[in-house]
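Take a look at the structure set out below.
The values are calculated or read from the model by the stated rules, or taken from the named source; none is laboratory data. Note that the structure is a prediction, hence the values are computed from the model and not measured. Glycine gets a Cβ as well: all are built from the backbone with ideal geometry, and neighbour counts include every protein chain shown. These accessible areas exclude ligands, DNA and RNA; they are computed on the full protein's heavy atoms, side chains included. Shrake-Rupley method; radii C 1.70, N 1.55, O 1.52, S 1.80 Å.
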Amino acid sequence: MKRNTPLITLLTGAALGVVLLIASMLSTPSKAPAGYTAGATPPPASSAATQPSSASATATPSPSAASASATAPAVVTAPDKADYAGRVQGDGASLAISIHNGQAIAYVCNGSAIEAWYKGTAVNGVLIMTGKNNAHLSAIYDFGKATGDVLAHGTDFQFSVAVVHKPSGLYQATALVRGVTVKAGWIVLSNGSKVGSLEPDANAAAPSATTAPDLDVATGTAQDGDVVLHATLVSGATGSGF
């Protein structure tokens with residue numbers, strides 16, 4: 001038994017050395033290999049919820065686009081102030097229309113019995129006007145012409161009359177003669193020709209008309225027997241006569 005004692009001692013020392021080596025290896029942290037890069041830390045889940053979606057971002061107009069839409073000027077298709085005159089279709093009469101800030105005055109006559117005065121509205125390029133004895137006028141208008149139909153003394157006329165400028169246009173005159181109101185109207189066309197009718201009693205329920213005396217456009221006067229009629233230009237441009 002004594003012969004084996006050195007061998008046992010040697011084996012015991014070797015076993016102790018192995019145990020110490022393993023313990024040393026376990027207690028030393030391993031090193032990351034060369035070139036290793038740690039992955040980025042993902043953001044918290046709540047941060048994704050606070051980001052706007054692409055759909056909501058595109059649905060909201062930019063301030064500049066909204067401003068441009070709000071300030072875009074409206075397209076204007078009809079004037080606020082204008083004067084029109086011309087012959088109706090078939091040359092059966094002449095017609096003059098004046099428009100001033102939403103109001104309209106018109107006159108149609110053939111130089112004798114057929115004549116009528118109209119008043120009404122001019123809104124967004126549409127004329128609606130009425131006169132005595134069921135006379136009416138309806139039309140559309142723009143910066144160049146007025147087109148529609150007019151009824152006077154039971155006769156319906158189609159028309160398309162152009163814009164005119166002073167001295168062309170519509171003239172009217174009233175005078176009190178022996179207690180009766182006399183009213184005359186004249187239409188001066190762009191070529192200088194004139195046509196007019198006169199109502200000897202404008203306040204009658206159904207006024208009759210005759211040919212008006214000639215109008216001197218330069219002086220604005222007409223001689224009716226011993227009475228001088230002073231005519232006024234009904235002007236959409238200036239508002240006179242409205």
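Observations, loosely collected:
- Residue count for the stretch 148-163, restricted to those that are out of contact with any Gly (no Cβ under 8 Å at 6 or more places or on another chain) and either crowded, with 21+ Cβ neighbours inside 10 Å or over 21 Å from ASN110 (Cβ atoms) (or both): 1.
- Filter result (closer than 13 Å to TRP117 by Cα and open to solvent by 20 Å² or more (accessible area, probe 1.4 Å)) within the stretch 189-207: ASN203, ALA206
- Exactly one residue out of ASP149, ASP156 is free of Cβ contacts under 8 Å to residues at least 12 places away in the same chain, in contact with a strand residue (DSSP E or B) (Cβ under 7 Å, 6 or more places away or on another chain), over 18 Å from ALA231 (Cα atoms) and assigned to a strand (DSSP E or B), and it is ASP156.
- Summed over the stretch 115-154, the residues that are small (Gly, Ala, Ser) and either within 27 Å of the chain's Cα centre (by Cα) or closer than 11 Å to ALA78 by Cβ (or both) give a count of 8.
- Complete set of residues in the stretch 167-188 that are open to solvent by 20 Å² or more (accessible area, probe 1.4 Å), outside any strand (DSSP E or B) and either modelled with pLDDT of 95 or more or acidic (Asp, Glu) (or both): PRO167
- Taken over the stretch 133-147, the criterion of being surrounded by fewer than 19 Cβ atoms within 10 Å (Cβ to Cβ) and not polar (S, T, N, Q) is satisfied by HIS136, ILE140, ASP142, PHE143, GLY144, LYS145.
- Among residues of the stretch 133-146 being without any contact (Cβ under 8 Å) to a residue 40 or more places away in the chain and either acidic (Asp, Glu) or not in a strand (DSSP E or B) (or both), the one that is nearest to SER190 (Cα to Cα) is GLY144.
- When THR130, THR77, THR121 are checked against the criterion of being modelled with pLDDT under 90, open to solvent by 50 Å² or more (accessible area, probe 1.4 Å) and of a type in the set (Ser, Thr, Tyr), THR77 stands alone in meeting it.
- Once the stretch 217-242 is narrowed to residues that are among the β-branched types (Val, Ile, Thr) and not in a loop (DSSP other than H, G, I, E, B), the residue that is least open to solvent (accessible area, probe 1.4 Å) is VAL234.
- If the condition is being touching a residue at least 60 places away in the same chain (Cβ under 8 Å) and among the β-branched types (Val, Ile, Thr), then the stretch 194-217 contributes VAL195, THR210, THR211.
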